[in-house]
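Single-structure report; data block below.
Please treat every number below as a calculation from the coordinates, not as lab data. The model shown is predicted, which means the values in this text are computed figures rather than measured ones. Here the Cβ is made from the backbone with ideal geometry for all residues, glycine too, and neighbour counts use every protein chain on show.
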2 protein chains.
Amino acid sequence: MSVYLDTLRGRDGERAPVWFMRQAGRYLPEYRHIRERHSFWEMVRTPELAAEVTLQPVARLGVDAAILFQDIMSPLPSMGVEVEFAPGPVLAEPVRDAAAVARLRVPPAEEVAPFAAAAVRLAAAASPVPVIGFAGAPLTLAAYLVEGKGSKDFATFRAFLRSEPPVAEALLTKLADVAIAYLASQVAAGASAVQLFDSWAGLLDRESYARHGAPHLRRIVAAVRELGVPVTYMAIGAGHLLGEVATLGSDAVSVDWRTPLRQARRLLPGKVLQGNLDPAAMLAPRDVLLAEAGRVLTDGQGGPHVFNLGHGMFPGTDPDGVAAVVDLVKGFARRPVAPAGATA
Amino acid sequence: MSVYLDTLRGRDGERAPVWFMRQAGRYLPEYRHIRERHSFWEMVRTPELAAEVTLQPVARLGVDAAILFQDIMSPLPSMGVEVEFAPGPVLAEPVRDAAAVARLRVPPAEEVAPFAAAAVRLAAAASPVPVIGFAGAPLTLAAYLVEGKGSKDFATFRAFLRSEPPVAEALLTKLADVAIAYLASQVAAGASAVQLFDSWAGLLDRESYARHGAPHLRRIVAAVRELGVPVTYMAIGAGHLLGEVATLGSDAVSVDWRTPLRQARRLLPGKVLQGNLDPAAMLAPRDVLLAEAGRVLTDGQGGPHVFNLGHGMFPGTDPDGVAAVVDLVKGFARRPVAPAGATA
């Protein structure tokens, strides 16, 4: 069995499993080596390359899980949406009205970014650790679809949610349908856990999130758990939403670096916590980094904890520092909470 | 007397004063008219132009206060830092080590961006309403100085805070000294209130903010209040920091659109609250906008409230919508909290 899957299933063990958001990426020379010869979309769409990149950090770092190398935009072309990376995602045409939403395809599972499932299959066959599948959360994908590109504020999207609730509902429903199909295809291909990335949910107030985000997330989480696979939910800058996040039904919640894990433990009763080292600490000298990672490990006690960053790895991160953190986590003896009824 | 200053001094009146962050700016045709003929730095550095732009929204909208037209970067050249706008701020050289911090000048008050005080003087002489002076908070200015430019994550700055606490302390101390001198020059020129803009504080966890942000802010707030002028503190995405923000000593706190005013009222006892309409609501149809503004007015009851946005106005905002919000605020009959001892 895997320490990662055990922990996701609620085991408060003596060692925290460890993986890193964006562990497959630009900070690794072996990634850049491939990236020099292929475009980002090529890497994403070529199962052999995507699987290779997925496994690179496992080989180098000895992490306890391999997250699939893909982009949250991967399923959009299957819906009829043209996306380029320049380097951030740019859509050929924003989706802002009922007609544009009506035109979006909801393909059967085997037609949603089939290269992703193929990459999962290759990676899972070769991986010594579980492969994590993932999808972008509907709100976050809708933010890009409506805005047409990345943005600091997503002002157009936020105005759209307030102005066009029925169109928003139709769009978010389609995105949730596609996410369910997409994740089912990854699970069928061998993904043994799933993470939902909701990068921009934190821009919304709690009422808007409760209305436009939570219901769709609950449906996706329930559908994936129905397949017997645990689900982790991640949002950034979403400390103000945790009361609502607690109700989504996910097994685990990834907490960003701004919410201390002890506080998250109170706000998310019964949840496995994932996180929450500040990825900027990875850019600090080794002693500072390890002290900060040690603090996260200490704070993570009191329930099941998957060690991770509070957000994705920055490109300039030194892989040796990451390896040192993995060693620290593996050597850290947690004090699990005694099972109910046991005496101290 | 002014309804704005009365409210800042703690009066829970029957009408909320209203002004808007970035009310002097690109969404106004009369602003764009001037901007076509002058660079941004020229407008900032020419007191006649800066004063004219400061007063434009007062003339058009009838807001209860005029915020000085300047940029939070305005005082940096006086410190020896070269800044260009392209269109966001770009520094000729980032400030990242002890030597670079040592080179930063802390000029006497009359030499810190003297064009700003000159603009305050012109605006205050002509304004029917109070003129609000402002400065960037030390953490936010340091973020730009260390990063060298704007950023979504300010990863270098966050790593710097963790790696070089004594250098950070020296930098933040100089920035606070300059902010105090700068604000004193604006008050001497006729600013009758002051706002501190801490745009990037929300990126930090509470412990880092308590260490690197709060002490310097307390010193600035105390120095300005010593001059008899009320201080408003604004941070964005800082719901997780409000416990610390409550201790800064400011008269008022500007709350972003993600923290409901009722909740802020509990977390910030005794503070005047400012905010917190989502600026994206300004891009929605009139009925949606007014309903949302009405909700903010209702939530703002229970203590003194300055109606404002939760963040700066977006460039595409329709000035007529803004005017309609001003009318709504002026016509809304608040129910002030009865003074202690009075019966309902």
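Listed values, structure above:
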| read-out | value |
| --- | --- |
| Shielding by other protein chains, A:311-318, mean Cβ within 10 Å | 2 |
| On Cα atoms only, tilt of B:114-126 relative to the major axis of chain B in degrees | 20 |
| The protein assembly as shown - Kirkwood radius from inverse mean 1/r over Cα pairs (Å) | 26.5 |
| Charge dipole of the protein assembly as shown about the Cα centre (unit charges at C-beta), most positive-ward option of B:1, B:89, B:70 | B:1 |
| Rule-of-thumb Rg ratio for segment B:3-331 [Cα; 2.2 N^0.38 Å; N residues] | 0.94 |
| Ascending list, in nanometres, of distances separating the residue A:218 label from those of the other copies (7 Å, Cα toward Cβ) | 4.4 |
| DSSP bridge orientation in chain A - percent antiparallel, rounded to nearest 5 | 15 |
| Fewest-first ranking of A:1, B:282, A:234, using other Cβ atoms within 10 Å as the exposure measure | A:1, B:282, A:234 |
| Normalised contact order of chain B, rounded percent, pairs of Cα under 8 Å and 6 or more residues apart | 21 |
| DSSP-defined antiparallel bridges as percent of all bridges, the protein assembly as shown, nearest 5 | 15 |
| C-alpha center-to-center spacing [segment A:195-219, segment B:177-209] in angstrom | 33 |
| Within-11-Å neighbourhood charge of residue B:112 [Cβ basis; K, R +1; D, E -1] | -2 |
| Neighbour-limited loop hits for GluC sites (Glu not before Pro), segment A:1-65 (at most 13 other Cβ within 10 Å; DSSP other than H, G, I, E, B) | A:14, A:36 |
| Positive-end residue of A:283, A:217, B:151, charge dipole of the protein assembly as shown with Cβ unit charges | A:217 |
| Whether segment A:191-261 is rounded, prolate or oblate, judged on the alpha carbon gyration tensor where a/c under 1.5 counts as rounded | oblate |
| Cα gyration tensor shape of segment A:83-192, rounded if a/c is under 1.5, else prolate or oblate by comparing a/b with b/c | prolate |
| Among B:214, B:188, B:201, residue whose mean-square fluctuation peaks in a GNM of chain B (springs only between Cα atoms under 10 Å) | B:188 |
| Net dipole in debye of segment B:196-341 [+1 Lys, Arg Cβ; -1 Asp, Glu Cβ; about Cα centre; nearest 20] | 540 |
| Charged-residue dipole, Cβ positions (Lys, Arg, Asp, Glu), the protein assembly as shown about Cα centre, Debye nearest 20 | 1240 |
| Averaged over B:46-55, number of beta-carbon atoms from partner chains that fall within 10 Å | 0 |
| Gyration tensor verdict on segment B:239-344 (Cα atoms; rounded if a/c is under 1.5, prolate if a/b is larger than b/c, oblate otherwise) | oblate |
| Per-residue average of Cβ from other chains inside 10 Å of A:155-165 | 6 |
| For chain B, built as a Gaussian network whose Cα springs stay under 10 Å, the top-fluctuating residue of B:236, B:180, B:34 | B:34 |
| Set of aspartates and glutamates with alpha-carbon distance to residue B:271 below 20 Å, sequence-local pairs under 8 removed | B:6, B:12, B:14, B:64, B:198, B:226, B:244, B:251, B:256, B:299 |
| Choice from B:245, B:167, B:221 showing the highest fluctuation, given a GNM over chain B with Cα pairs closer than 10 Å | B:167 |
| Ellipticity estimate at 222 nm from DSSP helix runs (n ≥ 4, -39,500 (n - 2.57)) divided over chain B, nearest 500 | -13500 deg cm²/dmol |
| Degrees separating the helix B:138-147 axis from the principal Cα axis of chain B, which is the longest one | 50 |
